[in-house]
Amino acid sequence: MSAEPTIFERSSPGRMGISWPQPDVPEHPPVEYLGQDNIRSELPLPELTEVDVIRHFTRLSAVNYGVDTGFYPLGSCTMKYSPKINEEIARFPGLSRLHPYQDERISQGILRLLHDMQVFLAEIGGMDAVTLQPAAGAQGEFTALMIFKRHHERVGEGHRRIVIVPDSSHGTNPATAARCGYEIRKAPSGPDGLVDISALAAELSRDVAAVMLTNPNTLGLFETRIVEIAQMVHDAGALLYCDGANMNAVLGIHRPGDAGFDAMHFNLHKTFSAPHGGGGPGSGPVAVKSFLEPYLPVPTVAFEGGRYFLNYNRPESIGRVHSFYGNISVIVKAYAYILNLGPEGLKSASENAILNANYLLKRIAAAYDVPYGERCMHEFVASATRQKAHGVKALDIAKRLMDYGFHPPTIYFPLIVPEALMIEPTETESAETLDAFADAMLAIAKEAQSDPEVVRSAPHVTPVSRLDEAAAARKLELRWDSTGD
Amino acid sequence: MQYIPNTDADRRRMLNSIGVGDVSELFEQVPQPLVLDRLLEVPGPLSEMELGQFMGDLSRQSADLGTYAGFLGAGIYDHYIPSTVHAILGRSEFYTSYTPYQPEISQGNLQAIFEFQTLVCQLTGMEVANASMYDGATALAEAALMASSITGRGEWVVSNCVHPAYRETMRTYAWASGNKLVDAGRSGIITNLAELCSHITGETACVAIQHPNFFGALESLREVEALAHKAGAIFIVCFDPISLGLLKPPGEFNADICVAEGQPLGIPTGFGGPLLGLFACKKRYVRQMPGRLVGATADSAGRRGYTLTLQTREQHIRRERATSNICTNEALNALAAAVYLCTLGKHGLRQVADSCLQKAHYAVKAVSDLPGYEFPFDVPFFKEFVVKSRTPVAELNERLLERKIVGGLDLGKFYSDLAGHMLLCVTERRTRAEIRALVEVLAE
Amino acid sequence: MQSKELKFTTTHEWIKAQGNLGTVGITDHAQSELGDIVYLELPQVGTAVHAGEVFGNIESVKTVSDLIAPTSGEIVEVNEELPETPEMVNEDPYGAGWMVIIKLEDPADLESLMTEEEYQEFIREH
């Protein structure tokens, strides 16, 4: 398939993609209302028919791979199947065609949904109070760290300026901490892949505001000494945060709040099946223990006197992190998902996610190093170290997997594993799919020995082959230009 | 169970292959006291059909803008969404994909975002645009952070005529990052230039203004630009994307950064989310710009392709020194905006903007004929306006609701000196009959 | 340029002294680890630099790294062509890929840096 030209190259003067009604009110020249200096002379947007637009974007979709296309084992992203009923539900007019400032009396349905969702997430996380406002996981982390910061200020511990983050953490953790003005210290992982407790103890001081952990961690391992860690952190006067990206491992099995975490975020677009959208919208609600509840962003959704309402009476709140109440349609999909599965279904999702990951680990270990043992939770990290000896790196293996029809796993993360391949199958994949993927991985391992060049120059059958990323960063062509090309 | 393909037989086979007897053995590493000994207290399960019925009932407990005529704006607008938008957004190759870190099988996504970036540049007259932020409020906060990073200064001056929720968000981000928000400069419903100027110092990182502002009124961008640049501060303009069908864009006013709420571009009102933060700036600042960027390049065979670029600025590489912590953004909404702008195009967007302009001014004329209503602020406006009412705004809205009309915003809730003033919005969706119905209720 | 006349830092910069001036760049090992260089931020002429402190940064497709001054002094010349052709750092790290020239505060400070043999040993061990 030849490359699809940009939409701008299809533009032709005079075209428009929609019919427009005749004006039904008297018309005046805009300059009369706006003044000459405010009127623009040129509007350089394309001119296209509806057919042009539909064909163009339809063809683009054909060169895009989604979960609905095939297996998508990106570690820590939980690319599970998004139920189509939830897409329909999210478009119901009474859940979508609403204005955030409309009278609360005519918004009781959506307010009830949001209120219930706050309750569900608190229950699932083992926490006491929830904000649905953050628009993504990273924003959830930011919100939680600001809540911690406010709490420390309130109890006279505002001097605490350090946040400890494991060396296996997601990049958003230190980026978020830096955003809140904190200094980052790394907690090294031990040889077992878990937080090195004595190293952590050495870092804990009266200057530490928080420790951010993911549990299970990015290696797919549960922090077995989490209760001890929580105790240590609290004894040092710091707070403990859970990056909830890996909740798909523990739904109905374990709750971070029960282990001693003070706050956590959820990724509704991961654990709760809302689709990823190609990079959003997501939703990153934050759940906290009751002593932090006063600091939650304003407003929260409350219920009193038989009606649901937005509670703005929150004097201790950290303020706002979003224009309104959160990414509502994503929350609606997650809510529907919870109702659909129910308590047994949620637990079963995690159990099967764990089963699938362990089965895949067993099969992949036949040809790849799996540095942290033969058991994992919902994801595991393999290493292409053996293959590197033949000059084939994790990147090459990822590219070659595309030739086999699979989206590659996450590569080069976490940073503590060389040539890392982070694999999370999720529960919505069948054993046949897992076997097909494992077969492909094993075949590529063989190719790495017998024909490394075919792996190193992959992909071969995709719409484009490897792209020159250095040129992209050097030349910096970030928009189409009529003078360019 | 639904969405879990494995049968009991599959599970037994897999457990055998692993060498364990039961799934619970696979999470033995979770200490027993931490394993939940009961089921979660959440409702369900509901079959698909039951779920549809339940959610339908819930949906019917709210009144939507399909059944009520909405004259409420204030940052979220009931603009018409062309059928092309849902047709394309419904393609699951787009909506079930992840961030395009593997470009070879994500060219659809990447090219769409490249085109979106281009469209934002065309709309705003700016040199470079990113792949989206969460919403207009956080886009503005991130612009201020970027201004601090560029200038090394810590004060953010923002006009009091900027949307209250945006200023509140900026305040939260300022506190978190150790910067200072200076929120000032309003007279009535436009920015008071002298007062704004009095707050601009050698510590000012940015001067931010919204045009049209929260009240729908046009501001004096030329004057504010001069003030900002004279002080060596970054000039930030927050705009309305539909208004740019008619209005001179921020790029022509020498804006350094411009941001907006992109919801009017093909995204439902959604009870306020998900939204779309538009973000564009001058090319020289591209390395300090937060968010994702798609760039054009070629593959090994010389074919044109697209890829995420300058990723070294982002959290997954730069970590604590990243320009922002943003990871997931609003990519699908950016796609909606791209489809919207392509469908309407040069002619269509102008028509939408003109429709809003004409209908809003028609409504003002009709209301100005009524006793009990005044327009105390004689300023040019686009699609929203402020009317002062003798009857309390809450009472007006009560009456309007009975007639299945959603009235305007009670400004007294946000600005104490504007009690008794209503912010009304008229988009292209409002028919003459609906406007007359509004006027009739106000006349009572 | 003979790398034997150069001195090396533990942060993979090299410096070649000529009288009271020192030319600075990054080593072949560094450019290889970084990958394709796409961008550089170099200081202005006249900037004071201090041994062990950041004087600029260098960006490849996959990472951004600080450039650490091998010694103290003042920047008297900057390779203006380099930001336009960053690939020079990959292609000729000791020649056309030179970055800045420092007027040395004290040429004797270079004694404490590694020789080429010591640097090769260093990278073998790490």
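For the range C:1-106, which semi-axes, largest first and in whole Å, follow from the square roots of 5 times the eigenvalues of its Cα gyration tensor? If you can, show how the numbers build up before the last one.
Working: eigenvalues 79, 42, 32 Å².
Output for the range C:1-106: semi-axes of 20, 15, 13 Å.
Please report the antiparallel percentage of DSSP beta bridges with both residues in the protein assembly as shown, rounded to the nearest 5.
On the way: 78 of 115 bridges.
About 70 percent, rounded to the nearest 5.
The range A:161-260: Rg/Rh from Cα coordinates, Kirkwood Rh? Please list the in-between numbers first.
Working: Rg = 12.5 Å, Rh = 13.5 Å.
Over the Cα atoms of the range A:161-260, Rg/Rh equals 0.93.
Report, in deg cm²/dmol and to the nearest 500, the calculated mean residue ellipticity at 222 nm for chain B, where each DSSP H run with n ≥ 4 adds -39500 (n - 2.57) and the sum is divided by the residue count. Intermediate values should be presented prior to the final figure.
Numbers: 13 runs with 162 residues, N = 444.
Value at 222 nm, helices only, nearest 500: -11500 deg cm²/dmol.
Helix B:221-230 against the longest principal axis of chain B: what's the angle in degrees, Cα atoms only, rounded to the nearest 10?
The answer is roughly 70 degrees.
Taking every DSSP beta bridge that has both residues in chain B, what percent is antiparallel when rounded to the nearest 5?
Details: 25 of 46 bridges.
Antiparallel: roughly 55 percent of the beta bridges in chain B.
Step through the residues of the range B:47-55 one at a time and calculate ³J(HN,Hα) from phi using the Karplus curve (6.51 cos²θ - 1.76 cosθ + 1.60, θ = phi - 60°), rounding each to whole Hz and writing x for Gly and Pro.
Whole-Hz 3J(HN,Hα) from phi for the range B:47-55: 5, 4, 5, 5, 4, x, 5, 4, 5.
Let's see if you can work this out: charge +1 on each Lys and Arg Cβ, -1 on each Asp and Glu Cβ, no other charges. What is the dipole magnitude of the protein assembly as shown about its Cα centre, in debye to the nearest 20? Please list the in-between numbers first.
Working: 89 positive and 132 negative charges, 450 e Å.
Dipole magnitude for the protein assembly as shown comes out near 2160 debye.
Given the -39500 (n - 2.57) contribution per DSSP H run of 4+ residues, what per-residue ellipticity at 222 nm results for chain C, rounded to the nearest 500 deg cm²/dmol? Show your work: numbers first, answer last.
Values: 3 runs with 22 residues, N = 126.
Helix contribution divided over all residues of chain C: -4500 deg cm²/dmol.
Which percent of Cα-Cα pairs in the protein assembly as shown sits in each 10 Å bin, short to long?
For the protein assembly as shown, the pair-distance distribution reads 2, 11, 20, 24, 22, 13, 6, 2, 0, 0.
For the range A:7-61, report the convex hull volume of the alpha-carbon atoms normalised per residue, in Å³, without decimals. Kindly include the intermediate steps, with their values, before the conclusion.
Details: hull volume 6.9 nm³, N = 55.
Enclosed volume per residue, from the Cα hull, is 125 Å³.
Beyond 29 Å, how much of the Cα-Cα pair distribution for chain B remains, as a whole percent? Show your work: numbers first, answer last.
Values: 53814 of 98346 pairs.
Here the long-distance tail beyond 29 Å is 55 percent of all Cα pairs in chain B.
With a cut-off of 8 Å between alpha carbons and a minimum separation of six or more residues, what is the relative contact order of chain A in percent? Show your work: numbers first, answer last.
Working: 885 pairs, mean separation 88.2, N = 485.
The normalised contact order for chain A reaches 18 percent.
Could you sort out which of A:393/A:475; A:84/B:404; A:399/A:446; A:399/C:62 sit more than 23 Å apart by Cα distance in this structure? All intermediate terms of the calculation are to be shown ahead of the outcome.
Values: A:393/A:475 27 Å; A:84/B:404 32 Å; A:399/A:446 15 Å; A:399/C:62 17 Å.
Where the Cα-Cα span goes over 23 Å, the pairs concerned are A:393/A:475; A:84/B:404.
Show which lysines lie in cross-link reach of residue A:186 when reach means a straight Cα distance below 20 angstrom and same-chain residues fewer than eight apart are skipped.
Filter leaves A:149.
Given the pairs B:283/B:346; A:80/B:282; B:282/C:16, which are separated by over 30 angstrom at their Cα positions?
Working: B:283/B:346 24 Å; A:80/B:282 39 Å; B:282/C:16 39 Å.
Checking Cα-Cα distances, A:80/B:282; B:282/C:16 exceed 30 Å.
At each listed q (0.13, 0.16, 0.17 Å⁻¹), what is the log10 of I(q)/I(0) that the Debye formula gives for the range B:83-340 modelled as equal alpha-carbon point scatterers?
The Debye formula, applied to the Cα set alone, gives -0.79, -1.16, -1.29.
Say each of residue A:415 and residue B:49 gets a label point 7 Å from the Cα, pointing the same way as Cα to Cβ; how far apart are those two points in nm?
5.4 nm
Just grab the label-to-label distance for residue C:125 and residue B:443, each label 7 Å out from Cα along the Cβ direction, in nm (one decimal).
9.3 nm
Rounding to the nearest 20 debye, state how big the charge dipole of chain A is about its Cα centre with +1 on each Lys and Arg Cβ and -1 on each Asp and Glu Cβ. Numbers along the way, then the final one.
Details: 43 positive and 58 negative charges, 81 e Å.
Taking the Cα centre of chain A as origin, the dipole is about 380 debye.
By average Cβ neighbour count within 10 Å, what is the ranking of B:7-19, A:261-273, B:348-360, C:97-109 from highest down? Write down the numbers at each step before the final one.
Working: B:7-19: 14.3, A:261-273: 28.5, B:348-360: 23.5, C:97-109: 18.8.
Packing proxy ranking, top to bottom: A:261-273, B:348-360, C:97-109, B:7-19.
I'd like the mean, over residues of A:428-437, of how many other protein chain beta carbons sit within 10 Å of each residue's own Cβ.
Numbers: counts 5, 3, 5, 9, 3, 1, 3, 2, 0, 0.
Rounded to a whole number, the mean comes out at 3.
Would you work out the Kirkwood radius for the range B:385-444? I mean one over the mean of 1/r across all pairs of different Cα atoms, in Å. Don't skip to the end; give the middle numbers.
Details: mean 1/r = 0.0849 Å⁻¹.
One decimal place: 11.8 Å for the Kirkwood radius.
Using a Cα-Cα cut-off of under 19 Å, which lysines could be cross-linked to residue B:383, ignoring same-chain neighbours fewer than 8 residues away?
Here the lysines satisfying the reach criterion relative to residue B:383 are B:248, B:359, B:365.
Determine ³J(HN,Hα), in whole Hz, for all residues of the range A:82-87 in sequence, where each value follows from phi through the Karplus function 6.51 cos²θ - 1.76 cosθ + 1.60 and θ = phi - 60°; x replaces Gly and Pro.
Once θ is set to phi - 60°, the couplings for the range A:82-87 become 9, x, 6, 4, 5, 5 Hz.
Taking amide H positions as placed 1.01 Å from N in the peptide plane, with prolines and chain starts having none, which residues 5 or more places from residue A:81, or on another chain, fall under 5 Å of its amide H?
Here A:428 satisfy the definition.
Arranged from highest to lowest average of other beta-carbon atoms within 10 Å per residue, in what order do the peptides A:30-39, C:50-59 appear? Walk me through the numbers before you get to the answer.
Numbers: A:30-39: 14.8, C:50-59: 17.1.
Top of the packing list down: C:50-59, A:30-39.
Per residue of chain A, what 222 nm ellipticity follows from adding -39500 (n - 2.57) for every DSSP H run with n ≥ 4, rounded to the nearest 500? If you can, show how the numbers build up before the last one.
Numbers: 16 runs with 177 residues, N = 485.
The helix contribution divided over chain A gives -11000 deg cm²/dmol.
Per residue and in Å³, how big is the convex hull formed by the alpha-carbon atoms of the range B:189-279? Before the final figure, lay out each step's value.
Numbers: hull volume 9.6 nm³, N = 91.
Roughly 106 Å³ of hull volume per residue.
Where q = 0.20 Å⁻¹, what log10 of I(q)/I(0) comes from the Debye formula for the range A:29-117, counting one point per Cα?
With no solvent term, the Cα-only Debye profile gives -1.00.
Report the full-extension gain for the segment residue A:37 to residue A:366: residue separation times 0.36 nm, less the Cα-Cα distance, to one decimal in nm.
Details: separation 329, 0.36 × 329 = 118.44 nm, distance 7.11 nm.
Contour length minus the Cα-Cα distance gives 111.3 nm.
Starting at the first residue of the range C:20-27, write each ³J(HN,Hα) from the Karplus equation 6.51 cos²θ - 1.76 cosθ + 1.60 with θ = phi - 60°, in whole Hz, x for Gly and Pro.
The phi angles translate into 9, 10, x, 8, 10, x, 10, 7 Hz.
Looking at the P(r) of the range A:85-339, how many percent of alpha-carbon pairs lie beyond 25 Å?
Values: 13217 of 32385 pairs.
The share of Cα pairs beyond 25 Å in the range A:85-339 comes to 41 percent.
With an 8 Å cut-off on Cα pairs and a minimum separation of 6 or more residues, tell me the relative contact order of the range A:233-389 in percent. Please list the in-between numbers first.
Numbers: 208 pairs, mean separation 32.3, N = 157.
That works out to 21 percent.
Taking each pair of distinct Cα atoms in the range A:347-471 once, what is the resulting Kirkwood hydrodynamic radius in Å? Can you show the working numbers first?
Working: mean 1/r = 0.0678 Å⁻¹.
Value: 14.8 Å, from the Cα pair sum.
Please compute P(r) over all alpha-carbon pairs of the range B:227-269, binned at 10 Å starting from zero, and give each bin as a whole-number percent.
Going out from 0 Å in 10 Å bins, the range B:227-269 shows 27, 47, 20, 6, 0 percent.
Counting only other chains, what is the mean number of Cβ atoms within 10 angstrom of the Cβ of each residue in peptide A:373-379?
On the way: counts 1, 2, 7, 3, 4, 2, 0.
Whole-number average of other-chain Cβ neighbours for A:373-379 is 3.
Do you know the relative contact order of the range A:7-61, to the nearest whole percent, from alpha carbon pairs under 8 angstrom that are 6+ apart? It would help to have the intermediate numbers written out before the result.
Numbers: 31 pairs, mean separation 33.5, N = 55.
About 61 percent, as a whole number.
For chain A, what D do you get in µm² per second when you plug the Kirkwood radius from alpha-carbon pairs into Stokes-Einstein at 37 °C and 0.692 mPa s? Before the final figure, lay out the partial values.
Numbers: Rh = 25.0 Å.
Calculated translational D: 131 µm²/s.
Find which of A:106, A:132, A:187 sits farthest along the positive direction of the dipole of chain A, computed with +1 on the beta-carbon of Lys and Arg, -1 on that of Asp and Glu, about the Cα centre.
Result: A:187.
Let me know the mean shielding of A:74-80 by other chains, meaning the per-residue number of their Cβ atoms within 10 Å of its Cβ.
Values: counts 4, 0, 0, 4, 0, 3, 2.
Taking all residues of A:74-80 together, the mean is 2.
Pop the C-beta distance of residue B:8 and residue B:283 into the FRET formula with R0 = 51 Å and round what comes out to the nearest 0.05.
Details: r = 60 Å, r/R0 = 1.18.
It comes to 0.25.
Where a number appears in this text, it was derived from the coordinates with a stated rule and is not lab data. Keep in mind the model is a prediction, meaning the values are calculated, not measured. Heads up, the Cβs are rebuilt from the backbone with ideal geometry, glycines too, and the neighbour counts pull from every protein chain shown.
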